[in-house]
Amino acid sequence: MKDSFGREINYLRISLTDRCNLRCEYCMPEKGVNKLNHEDILNFEEMFELIKVFVELGINKIRLTGGEPLVRLGVVDFISKISKLNGIKEITMTTNGTLLKDYAQELRDAGLNRINISLDTLDKDKYREITRGGELSKVLDGIEAAKDAGLTPIKINTVLIGGFNDDEIPEMVNLTKEYKMDVRFIELMPIGEAAAFASHKFIPNSKVLESVKELEKVQSEDISSPATYFKLPDGKGKVGIINPISCKFCSNCNRVRLTSTGKLKLCLHSNREIDLKNALRNKENIKLIISNAILTKEEEHHLEDKEYITRNMNQIGG
């Protein structure tokens, strides 16, 4: 399945819920989100019907996100069902890791291949601050459980925040020296309510290379990956740098997103959405709608021109 710019679209990110058990400052409002009515979100049966169509069109990699995907009941059985579809090569998940200790082995047994864990600091007090009440120990326990279950390679996603965690860059990088995991630094994106937060907390990812000069660039195994990878000379894992602001990577974009409310987003940084939920419930030709929509996928975003979207990240999917 190709878009009008010749990019092969084979990667679908699905937000299972906009709810989360944390309230990270750059992602969610402090008071959380207004609870949606049951009929406003896709049930798992509807999600599965849409996934089957996407797979028929060429999607072979699926990432489950949130909010926090593990707060939605039934996620393990849902993964098991997806894993049995012909054509699926990989099922992954992005999680904050706080519930992972209890779910890791079940997720692996159900067919989840690997996991990304959001972690912005290794300081328990700073973690509690940025998440508005989270416990770092639960995340660290979750990482160990993921290792034991074989949900590897584990990728740690760290949003770089000026004046908050930029002093921890060497410590985060050193995780790749001791463990076979990737730590990926992501520039703070001005999305939804976080736009104001990002305006005075943003620092470019070049700070990583300035802070750890011994990092050496290595070839990425996946040309569609948004990360540029580096490695410590004696490191077991890699360090990724993702620069959506200072150096965009739209020319290699191979993904689309499906929100928990059934909206197809062709570009993370565009307000444009296609309503698949109502189309599905009205028994419209979903395959034709998706095929036509892919041909309208944006060539690139324009964050550099301060064209920011209005929805919060938890509503879109991480």
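Throughout, read-outs are computed from the coordinates displayed, never taken from laboratory work. This one's a predicted model, so the numbers in the text were calculated from it and none came from an experiment. Neighbour counts are summed over all protein chains in view; Cβ atoms, including those assigned to glycine, are modelled from backbone coordinates with ideal geometry.
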**OP:** Write down Rg/Rh for segment 207-266, rounded to two decimals, with Rg from the C-alpha atoms and Rh from the Kirkwood relation over Cα pairs.
**Re:** 1.10
Subject >> Inter-label distance for E135 and D234, nm, one decimal - labels placed 7 Å from Cα along Cα-to-Cβ >> reply: 3.6 nm
Original post:
Which order, highest average first, do 48-57, 106-115 follow once you tally other Cβ atoms within 10 Å for each residue and take the mean per peptide?
Top reply: 106-115, 48-57
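Anything over 28 Å Cα to Cα? Flag those among K155/K277; K31/K180; K177/K207, in the order listed. List each step's numbers first, then the result.
Values: K155/K277 31 Å; K31/K180 37 Å; K177/K207 19 Å.
The answer is K155/K277; K31/K180.
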**OP:** Show me 146-159, 272-285 ranked by packing, highest mean number of other Cβ atoms within 10 Å first.
**Re:** 146-159, 272-285
Subject >> Convex hull volume per residue for segment 87-239, taking Cα atoms only, in Å³ >> reply: 129 Å³
**OP:** Report the Stokes-Einstein translational diffusion coefficient (µm² s⁻¹, integer) for segment 60-106, Rh taken as the Kirkwood radius over Cα pairs, at 4 °C with viscosity 1.567 mPa s.
**Re:** 115 µm²/s
Original post:
Per residue and in cubic angstrom, what volume does the convex hull of the Cα atoms of segment 1-117 have?
Top reply: 127 Å³
Original post:
Just how far, in whole angstrom, is segment 7-46 from segment 120-163 if you go by their alpha carbon centroids?
Top reply: 20 Å
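How big is the charge dipole of the chain about its Cα centre, in debye rounded to the nearest 20, if each Lys and Arg gets +1 on its Cβ and each Asp and Glu gets -1 on its Cβ? Intermediate values should be presented prior to the final figure.
Details: 47 positive and 48 negative charges, 137 e Å.
It comes to approximately 660 debye.
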Original post:
Non-local amide H neighbours of R184 (under 5 Å, H modeled in plane, Pro and chain starts lacking H): which ones?
Top reply: I156, N157, T158, G240
Original post:
Taking the Cα centre of segment 11-313 as the origin and placing charges on Cβ (Lys, Arg +1; Asp, Glu -1), which of L209, L50, N165 is farthest toward the positive end of the dipole?
Top reply: L50
**OP:** Jot down the radius of gyration and Dmax of segment 41-80, Cα atoms only, both in angstrom.
**Re:** 10.7, 30
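Could you work out how much longer the chain between V212 and L36 gets when fully extended? Use 0.36 nm per residue separation minus the Cα distance between them, nm to one decimal.
On the way: separation 176, 0.36 × 176 = 63.36 nm, distance 4.44 nm.
Working it through step by step, the gained length comes to 58.9 nm.
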Subject >> Estimated distance in nm for a label pair at D102 and L295, the labels positioned 7 Å out from Cα along Cα-to-Cβ >> reply: 4.8 nm
**OP:** Would you be so kind as to identify which of F249, T121, L36 lies farthest towards the positive end of the dipole of the chain, taking Lys and Arg as +1 and Asp and Glu as -1 on Cβ and the Cα centre as origin?
**Re:** L36
Original post:
What do you get when you divide the Cα radius of gyration of the chain by 2.2 N^0.38 Å, with N the number of residues?
Top reply: 0.95
**OP:** Could you state the angle between the C-alpha long axis of helix 44-56 and the longest principal axis of the C-alpha atoms of the chain, as a value from 0 to 90 degrees rounded to the nearest 10?
**Re:** 90 degrees
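Please label the shape of segment 74-149 as rounded, prolate or oblate, based on the square roots a ≥ b ≥ c of the eigenvalues of the alpha-carbon gyration tensor (a/c under 1.5 means rounded; beyond that, a/b larger than b/c means prolate, else oblate). The partial results should precede the final answer.
On the way: a/c = 2.76, a/b = 2.45, b/c = 1.13.
Prolate shape, in that a/c is at least 1.5 and a/b is the bigger ratio.
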